[in-house]
Structure formats: C-alpha cells, structure tokens
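Worksheet: the structure to be examined is printed underneath.
The values are calculated or read from the model by the stated rules, or taken from the named source; none is laboratory data. Note that the structure is predicted; figures quoted are calculated from it, not measured. Every residue, glycine as well, gets a Cβ built from its backbone with ideal geometry; the counts of neighbours run over all protein chains shown.
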Amino acid sequence: MNKQLSPNLVAAILIGFTILFLAILPVRIQLVPNDVEAQETPLQSESIAVAQAEPKVVEYTLRTILGQTPPMAYIGVGGDIDGQINPSLSANVGDTVRITVINGDPVLHDLTIDEFNVTTGDLLLQDQSATVEFIADNPGDFVYYCSTPGHREVGMWGTLTITGEAPAQAVHASAPEVAVIPTVVPAVADAVSVVHDPADLPAPIGDRGPTDVRVDLSAVEVNGVLADGTTYRYFTFDGTVPGPMIRVRVGDTVELHVRNDTSSQLQHSIDLHAVTGPGGGAVYTQTNPGEETTFTFKTLAPGVYVYHCATPSVAHHIANGMFGLIVVEPPGGLPPVDREFYVMQSEVYSVEPYGTQGHLTFDHAAMLDERPQYFVFNGAANALTADEYALRANVGETVRIFFGVGGPNFISSFHVIGEIFDRVYNYGSLTTPPLTDVQTTLVPPGGATMVEFRLEVPGRYILVDHALARAERGLAGYLYAEGEENPAIFHGEGAANDSGH
Ligand SMILES: [Cu+2]
C-alpha cells in the first residue's frame, strides 16, 4: 500500500533544506574571488578535497607591451598584478585558470603554456583579445610566453606557479607518445619571386663630392617562391632578397626612412654596418606595421657593408630575407669595370626537409641549432642558375661582384668555379690594398667582400660556397661568358661535359 507523506512533513523538509542552503551559501561565495563570477568547478576526487583548498576560478588579464624592459613583455591589468611587467601568476591545484590577453600593439603575439597545451592563437590587431582557460591539474612552475619567434627570447614570458599536491591518480598527467606526422600546407598559389636580380644595382658614384642622400626602404612580408613548387613566408626590404643595394660616397649624409607595410604582422627595423652610432640605426627604427621611422647618419669610412633588420628575433628576420648591402665609395669612386653584380648568401630554416613541395614553415629551434634546410643566393634555391637571373658578361670584360652574407649563421667560402679572383677586397675593405690571385675567400655573416676578375674564356662559371654540400641545398649560381674561344688559355679535346660541375 502506498502511504502518502503528510503535507506538514513535506513543508518541514523543504524549510530544512532552505535553511541548510542559506547556511552554506556565504561560505561558497567567500571562496570565489570578488571580481569573478561564481563558476563552480567540480572536485576531482575526495582526496583532493581533503588535501587542497577548494577549487576556484583564478582570473588574470595581461596586455602586451613594447619598448619597456624587457623590450617585449606582458603587463598585468587589474588586481594584484596591475602594472607589473611579466607578472608572476599563481593558482592552486584544481583551480580553473583563466588568462585574458589583450594585444597592446599591432604586432603578432600570443600567449602559450606548453604544459597545459593552451594558446590564445594569433593576436594581430591592436586591442584584439583572447582568453585561455584550463584546469591547473598539477603543481609546479610553468612558463607562459609569446610563441612568435624571438619574442620569448627577448623576454616576453613569465611564470605561473601552481601550488598544492598532485592528484593521487593523475588523470592525464602524461599523454601517450604519438608519432607526429607533419602535414605540409599546399604551396601558395600567388607567391611571388623575391629574387633580387644580381644585375640590378645602382650606378657607380663616380667623382662627385659629398652630398645629402635620402634612402627609403619598405619592410614587406610576402609569400615568395623558395623553389619550384615550394613557397615560404619571406620578410624583405622592398620585396626582394637581398634588399636594394644602397650606394653612397664617404662623407655623404644619409637620411634613411624605414616604412613598415600595413600588411606586416611584425615590427621591422634596420641596422646598417656603415653607420657609426647606437644599433647602427636600429634604436630609432623599430617600426610598427603601417608606420614609418627615420634617422640620419654620416658615412665616415668607405667599404662594402651589410645592412639588416634588427628586430627580435634578429636572426629570424635575417633568415627570412631582411638584409642587403650598402656600398660607401671612396673619394673619386671605385675603379671602373665592365660589369657589376650584387649577390648575397643566406640560409632558410624550414620545418620541412629540403625539397619538400608546399608552403614551408619557419623552424625557430632549427635556427638556434644552426640546422638550415636551404642555402640560397639572392633568396631562392638555385635562383641564379635560372636563365632569368643568371649573371651574364662577355669574354674580355672585367667583372666585379659585391658579395655579402646575410646568414644568419654560416660563413661562406665564396668561390667561382673556373675562375681566379684577380682582386679580393678582403672583408669589404676599400681602403686596404686588395688581395690578388685568390681562389676562395671567406665571408662571415654580417660581412661582405668585393671581388674582381677578367673573363678570358667563354663558358659557364658557377658561383658557389666551396662548402659544397650546400650546393645540394640550393646554393649555386651561373655566370655565362660569351665570346671567342681562347685555346692558348683553355683547350679541351672532344665534347665538353658539364656533369662534373
Ligand atoms: Cu624585420
């Protein structure tokens, strides 16, 4: 038989529960920080509840900031961390941690914590924000940082300290190791050539006096062709690698303008080795996307100098193509020659192995380990072997090559197969008598040389770094010499064979 509950008893039970609920409620609210909406987080187990403080939601807001110490950082917004650079964050085991990041500048940033597998993803626009949320399920000190290459290295990181006991049974403390098969993004269909035509350089200065010169350079990030079927995101000056050759005279006053294209994701800048002054100009030219900076300098010493972007990670910006030469000619100018060329060497650090088809991605760890996949002259694999960009001259002409190394890491053992350098202006010095009759010359990263030789015999000559394994990673260029055979100097029997070189 069913026995009905008395209405009085039901009412008594309801009142009892209400009183109990009201009694508990203040305690529950107290456990949640005032500025956070109460959000309940279920306890993971009874044992935690005994050992740990009751889980709560811990909220922080960070804003990215440039130009402080360190030069790239997060600054706390609100609460105890307000105004602190890279503030130390804290939580207890079991807490829900919620971190909001506001982009304080129009530069690419994010916030990443590897151990919790969280990231805000790309924050590109000024005032763009994103929030990460995760359960602090293990104690320890964890680094939060910006994963844009170089940003963590210049100081864009801080620590999240989680205190408490590790759960008795870690639910997912360590994920099973799974072999990661990299997927390659398809090549960018409208990628452009970034190759700087080696014959494209300014005319010699000649015999003029010192003057004022204005130089405008634009930092442009582009999808460029690295090899057939392979594209890469380059950083450039004026869209080519290397950037334009700047040619001035000793005693000139140069007003240099750096514009950073509105489409850029990162700051860019310039350090010219021809400059005498802090940062070679980099201290005045850290330029946000869409902005322009300027400074002036006087050229005090003749020489062949490298310029490059000097925004962290500097090595990354160089590897991606931001370098060029500035030639400061002596009074009276350089001796005349028949042909001048402009060639620079650099490395490309991709995640994907050399020869991979598709759109390759930059590998910061590989750059730090100095393990490039590609070596290139003028920006792309084997670029100067293509008919479009090969060097061309005639027998009997004197050829001058301004050769520099952007790097960022590798010294070049520069050599032209089939030729001897008549003159090497060692280290790019134009005030030291040149070395004569040189087979191979060393050019360090951030260094340059000027070599000259007369073409005596027609044929194809090959520009290489005589660390010849690099030729198999894209480092070669052709110089074609046209004209009459000269059997007194070079003569062979039978058909010539190109296969050796
Ligand atoms: Cu740059």
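Some points to look at:
- Per the listing GLU340, GLU352, the residue uniquely more than 21 Å from LEU108 (Cβ to Cβ) and not in a loop (DSSP other than H, G, I, E, B) is GLU340.
- Identification of strands (runs of 3 or more DSSP E) wholly contained in segment 421-476 with 2 or more residues that are within 28 Å of the chain's Cα centre (by Cα) yields 440-443, 447-454, 459-465.
- In segment 286-315, of all residues being within 10 Å of the ligand (Cβ to nearest atom) and of a type in the set (Val, Ile, Thr), the one that is nearest to VAL424 (Cα to Cα) corresponds to VAL314.
- Among the conditions (1) away from the ligand (no atom under 15 Å from the Cβ); (2) without any contact (Cβ under 8 Å) to a residue 60 or more places away in the chain, LEU325 misses just one, which is (2).
- Of the candidates THR161, THR148, THR131, THR119, the single residue that is in contact (Cβ under 8 Å) with a residue 12 or more places away in the chain, over 28 Å from ALA282 (Cβ atoms) and within 20 Å of the chain's Cα centre (by Cα) is THR119.
- Scanning segment 75-128 for residues that are on the phi > 0 side of the Ramachandran plot and surrounded by fewer than 21 Cβ atoms within 10 Å (Cβ to Cβ) yields GLY78, GLY79, GLY83, ASN117, GLY121, ASP127.
- Any chance VAL258 is closer than 26 Å to ASP197 by Cβ, within 14 Å of the ligand (Cβ to nearest atom) and either touching a residue at least 60 places away in the same chain (Cβ under 8 Å) or in the same structural domain as ASN382 (by TED's automatic domain parsing) (or both): yes
- Going through (1) buried (at least 21 other Cβ atoms within 10 Å of the Cβ); (2) within 14 Å of the ligand (Cβ to nearest atom) one by one, TYR232 falls short only on (2).
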